[in-house]
Amino acid sequence: MDLPASYKRTPPLDEDTTALLYGRDTSYRAGQHPPPQVIPSAKQKRVPIFTGVLPTMLVVFLSAGLAIFLVTWLHIHQAQGLWGYEPGFFAAIRNGTFIVDEGYKESGEVVQASLRALTFSSVASHVVGLTSSFLMTLVAYRTASQWLENSRRLAEGAQDQNPTPVQYGLLVGLLGASNIVSLYRAIRYALRSKERRSKLPPIFVEPLIIASVVLALNHALGVSDLWLHTTARSAVIMTAVPGGVSDLSTVQLGVAFNESICDPSVPGSPVVSSPCLAYVHGWASGSWSWIIPNAWLVLSNSTSAPVRVINLADQNNTAVMVPAGVQALNSRTSMSHTFTAPTLAVRSNCKIITGACVQDQNGYVTDCTPAEAPYLPLKWDFTLNSPPACNFSIPNCFPNRIFGVVDGQTGGFVDNIYQSFGPNLTLPSGPVTLGMQLKLNQDNVVYLEPPKWAVDTGYRLFGTCEVEYLNGSLTYDPSENEYKLLNEAHVPGNLTATLWGPLISQYVTNRLISDINGLIMGDPSIDPTKLINVNLARIALGAVGGVVQPVAATQASLVRQGVFGLYPVAPVLCVSGILYAYALFAMFIFFSSVSSKSYTVSTTASPKEDGMEEYPTPSKTSNTTNEETALVLGQLWLTDPLPLVAAVFSRHDGQDPQRSIANDSLDMVYDTDGKAGRLVMGVTAVGDETRFGLKRRGKNFRGSYETL
């Protein structure tokens with residue numbers, strides 16, 4: 001190598017001088033130049049931007065940004081137009097669930113919501129788990145800065161606040177491979193008694209606390225994400241069709257009395273002796289004879305009937321009229337109406353009093369006065385108000401009757417059938433009283449003994465009923481195919497006098513017997529009282545099906561089925577809250593660590609660069625540098641075991657000083673594929689001692705390789 005004329009070669013040191021400077025164990029022989037040295041400088045540098053500042057800011061933006069994105073996504077995609085659901089963030093908190101329209105995916109017959117928010121939650125949990133090492137790296141810069149400062153102050157007589165070897169080893173685990181195992185080992189060490197461990201310096205306690213918080217938030221986020229995944233689901237929910245109902249007057253879903261037949265609300269008309277549609281020879285006869293056939297269509301649930309009669313089991317089996325054309329939502333593409341509309345209803349409350357009546361020696365009921373029904377058994381003839389005595393054990397003498405009772409009076413029966421009251425009697429607005437005597441038929445019935453308290457020897461049933469005719473508002477939920485009666489009130493007494501006409505005219509008496517006979521006679525598990533209440537209410541209302549007309553609904557919406565994602569508010573808030581807490585804690589770490597700084601170190605010029613012989617050329621892939629910040633090197637020593645490996649297994653090839661200040665830990669360790677680069681594990685000799693550990697192979701004085 002040609003050197004400039006001004007360059008003066010340093011004379012080689014003799015062997016004694018070399019031994020004095022570098023010790024007798026040095027590998028440098030006399031005549032060689034000493035290796036380059038690492039020297040500190042007064043130049044100060046802070047935490048590197050690309051390896052310390054930017055990753056931490058990325059953690060803050062990702063965690064807070066994902067929390068904001070998750071909540072914003074759920075808020076923006078909240079379903080609109082759901083029946084009974086109010087959109088909005090605070091409304092969702094009150095409801096306890098975010099109902100979100102994220103689209104759906106189909107697989108054959110299976111349709112389910114996309115549940116994209118679960119993907120965002122999983123991404124957030126995964127990202128936080130990956131970025132926790134960035135935070136601990138920044139903590140390592142702060143710890144290195146404190147350690148370097150403590151080491152500098154030792155020369156000034158300050159108290160030693162540096163970690164012990166075991167504490168250093170635990171710090172490497174906390175800051176470099178921060179996980180539950182390394183945290184457990186560090187906590188287990190910290191909890192040891194003071195007799196079993198050294199005093200804990202601040203630069204050990206602080207990273208331990210920070211690592212505990214970071215890992216706690218990390219795992220809490222994972223648990224919250226799992227909670228959200230196990231509770232979120234997709235559901236088919238009813239939603240309004242935009243523009244479905246533009247004019248309520250066109251939606252004829254209500255039912256009301258047809259006042260064009262007669263107006264029972266005219267003052268002065270509620271005399272029971274001559275109510276609307278009541279005639280001497282039957283109810284709704286003459287020019288109104290078409291009413292009864294239409295009523296039978298309703299009673300039979302004919303498809304041509306304009307209304308149907310159903311019983312509401314959860315409302316005392318009240319019978320209500322519902323429009324016949326309403327259908328439930330039975331598919332994702334079907335549409336129906338949800339509505340509130342006027343309706344008519346009937347509720348029956350009957351008591352079977354057979355067992356409380358007086359019976360003769362043959363077991364036939366003769367008097368129900370003890371049961372507060374002196375009008376039973378009913379005695380009748382062809383004239384009004386003059387019932388003769390009758391032997392009720394004689395066949396055909398006993399009439400099947402459902403009849404009205406007003407002020408304890410039954411009036412008379414024209415032609416043995418049609419009940420008629422005298423003048424000046426009116427009905428109150430409220431329940432009306434009915435008397436009932438029915439003879440059950442054993443024909444074509446598998447005989448099982450009926451309850452003794454329900455019938456007498458002749459299988460005759462006696463009872464009294466309180467029947468209510470009601471107006472109300474009927475609501476319908478097509479998703480559940482469920483009706484409810486709201487705002488019920490008794491119809492006026494004059495309208496009651498019209499509506500009970502089919503009952504007291506015996507139009508449906510045999511129909512009631514037909515509907516209850518087989519069950520009472522053939523199934524002893526049936527409750528006869530409940531059976532009569534259900535069927536009497538249904539039949540009484542269906543019997544007036546010919547005098548009603550459809551009317552407009554008071555509220556109606558055209559609805560369809562939608563597939564939505566349901567996210568419980570609690571796990572959503574937990575996920576987003578932990579993300580915000582993680583971002584805030586990352587900001588705390590950032591502001592407490594970003595100002596850390598330290599001196600720089602550098603090496604003297606490489607002997608090879610000075611033209612000195614017998615020193616190997618540095619590796620072409622080496623990332624060594626002539627100057628580096630002690631803060632960066634300290635962070636590497638706290639997060640990576642390789643610097644310690646480099647110190648233990650130094651090469652003594654003249655490049656160890658330069659390798660020790662490499663900014664990449666991979667370049668700190670001499671690495672070769674030769675025999676001298678391999679380590680052996682096991683029991684080895686160290687001086688006069690043997691111990692278990694690692695040992696590098698080297699050449700002995702004969703030139704062969706052996707474990708040294």
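The values are calculated or read from the model by the stated rules, or taken from the named source; none is laboratory data. Computed from a predicted structure; not experimentally measured. FYI the Cβ positions are ideal-geometry reconstructions off the backbone, even for glycines, and counts take in every protein chain you see. These area figures cover heavy atoms from the full protein model, side chains too; ligands, DNA and RNA do not enter into them. Shrake-Rupley method; radii C 1.70, N 1.55, O 1.52, S 1.80 Å.
Some observations on this one:
- Given their separation in residues at 0.36 nm each and the Cα-Cα distance between them, N510 and H219 gain 97.4 nm when the chain is fully extended.
- What the Cβ-Cβ distance of Q361 and E466 gives, at R0 = 45 Å and to the nearest 0.05, is a FRET efficiency of 0.85.
- One chain, two ends: N441 and H229. Fully extended at 0.36 nm per residue, the span grows by 70.2 nm beyond their Cα-Cα distance.
- Peptides 353-363, 167-177 ranked from most to least packed give 167-177, 353-363, packing being the mean of other C-beta atoms within 10 angstrom over each peptide's residues.
- Cα-projected label distance for Q409 with E259, points at 7 Å along beta-carbon direction, nm: 3.1 nm
- Between A313 and V648, the contour length at 0.36 nm per residue exceeds the Cα-Cα span by 112.1 nm.
- Most to least accessible of M521, M681, M57, M335 (protein chains only, probe 1.4 Å): M681, M335, M57, M521
- For T464, the residues whose amide H sits under 5 Å from its own are K351, I353, ignoring neighbours fewer than 5 places away on the same chain, with H placed 1.01 Å from N.
- Database remark: amide H of F98 closer than 5 angstrom to the amide H of Y567, V569 (H placed geometrically; neighbours at sequence offset of 5 or more, or on other chains; Pro and chain starts carry no H).
- Coupling constants for segment 215-227 follow from the phi torsions by the Karplus curve (6.51 cos²θ - 1.76 cosθ + 1.60, θ = phi - 60°), and in residue order they are 5, 4, 5, 4, 6, 5, 5, x, 5, 5, 5, 5, 4 Hz; glycine and proline get x.
- Packing, as the average of other Cβ atoms within 10 Å across residues, places the peptides 139-146, 204-211 in the order 139-146, 204-211, highest first.
- Probe 1.4 Å - accessible area at W227, Å² to nearest ten: 110 Å²
- Ordering of 640-651, 487-498 by packing [mean C-beta count within 10 Å, highest first]: 487-498, 640-651
- Accessible surface area normalised per residue over segment 525-607 is 32 Å², counting heavy atoms of protein chains with a 1.4 Å rolling probe.
- Hydrodynamic radius (Kirkwood) for segment 481-598, which is based on Cα pairs only, to one decimal in Å: 22.0 Å
- Simple label model, 7 Å out from Cα along Cβ direction - F61 to I93, nm: 2.9 nm
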